[in-house]
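The values are calculated or read from the model by the stated rules, or taken from the named source; none is laboratory data. Treat the numbers as computed from the prediction; the structure is a model and nothing was measured. So basically every Cβ, Gly included, is an ideal-geometry build from the backbone, and we count neighbours across all protein chains shown.
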Amino acid sequence: MRGKLRELQQRRAKLEELLLTHYPSLRAGESLLPEWDTFAGEFLAHDGYQRLLAGIIRIQNQLQNCTKFAWISRYRLANLHYMVAPEKLMTLDELPPGWGLLESNDTPGLRLRQPAQFMRTNGQAPWLERIGQSATARWLRQEGLLGKSQCFQPTLNL
């Protein structure tokens with residue numbers, strides 16, 4: 001199964017290279033030099049590319065025991081997605097498409113092995129604000145600063 005994943009990742013890299021030739025507007029514009037620029041494939045309605053990504057995600061889910069890394073990308077929860085792992089635990093083929101890899105070793109700090117691609121988010125995340133409000137209200141009740149019947153209302157409207 002890892003061999004199939006490696007093959008699909010190689011196909012993805014080759015297809016992205018070809019698509020950038022035909023669609024130069026899909027360059028993310030993050031780098032001064034075009035050969036270092038990342039591919040913004042989320043803006044492309046290319047059936048073959050989307051099927052290839054779906055196949056990669058399906059195999060990765062099987063290898064990772066159905067962990068939900070793809071959900072983070074699907075729901076656009078952040079602009080940059082990084083996997084943090086001990087050194088040599090993961091290969092670049094095992095990363096979800098567009099994710100970066102930070103590796104830790106015996107020295108302090110993390111080493112960037114693969115940069116992440118910048119991804120669009122859905123803008124405001126009201127569900128994240130509700131989680132924060134709920135956690136804050138629970139903490140205030142726990143500390144006795146807020147009665148159980150009172151509802152926590154934020155004072156700042158961010």
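Assorted remarks:
- A search for C-beta distances below 8 Å between a residue of the stretch 78-94 that is part of a strand (DSSP E or B) and any residue that is at pLDDT below 85, counting only pairs 6+ apart in sequence or on different chains, returns Met83/Phe69; Met83/Met90; Met83/Leu95; Met83/Pro96.
- Selection over the stretch 60-74 of residues that are surrounded by 13 or more Cβ atoms within 10 Å (Cβ to Cβ) and at pLDDT 70 or above gives a count of 2.
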